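Visitor: Starting off with a structure, shown below.
Laboratory data are not the source of any read-out in this text; all were calculated from the coordinates shown. Values in this document were obtained by computation on a predicted structure and should not be read as measured data. Backbone-built Cβ (ideal geometry, glycine too); neighbour counts: all protein chains shown.
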Amino acid sequence: MKFRPLHDRVVIRRAESDTKSKGGIIIPDNAKEKPQEGEVIAVGPGARDESGALIALDVKAGDFILFGKWSGTEVKLDGEDLLIMKEADIMGIIDKTVEKTVATKKAA
């Protein structure tokens, strides 16, 4: 991708949503709710404070995040639907290693 976000903006690829409900019913595309999770694809250099010093972002490319339902602006880059939002719209980073550890403990 040849796109670099400015300031404290990040580019996010939404996570794939389920095509079936828990009961096994197939959900059509127009009835699906958009997921509020995604992967950070690119980040800007950071915001500036009052004195002009650069404040680095807490997220980095590759992080899996949780964001608000109406956050960001939908754009199409290189034929792919992506979101661009400010770092302040991100609620948190999802640690996938914790999820794998919990799943492994439940299986044992």
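Visitor: Anything over 20 Å Cα to Cα? Flag those among K2/K96; K2/K76; K76/K96, in the order listed. Can you show the working numbers first?
Guide: On the way: K2/K96 28 Å; K2/K76 13 Å; K76/K96 27 Å.
Cα-Cα > 20 Å for K2/K96; K76/K96; rest within.
Visitor: Ordered by packing density, taken as the mean number of other Cβ atoms within 10 Å over each peptide's residues, highest first, how do 47-55, 82-90, 60-68 rank? Don't jump to the answer; show the numbers that get you there.
Guide: Details: 47-55: 9.3, 82-90: 18.0, 60-68: 14.8.
The most tightly packed comes first, giving 82-90, 60-68, 47-55.
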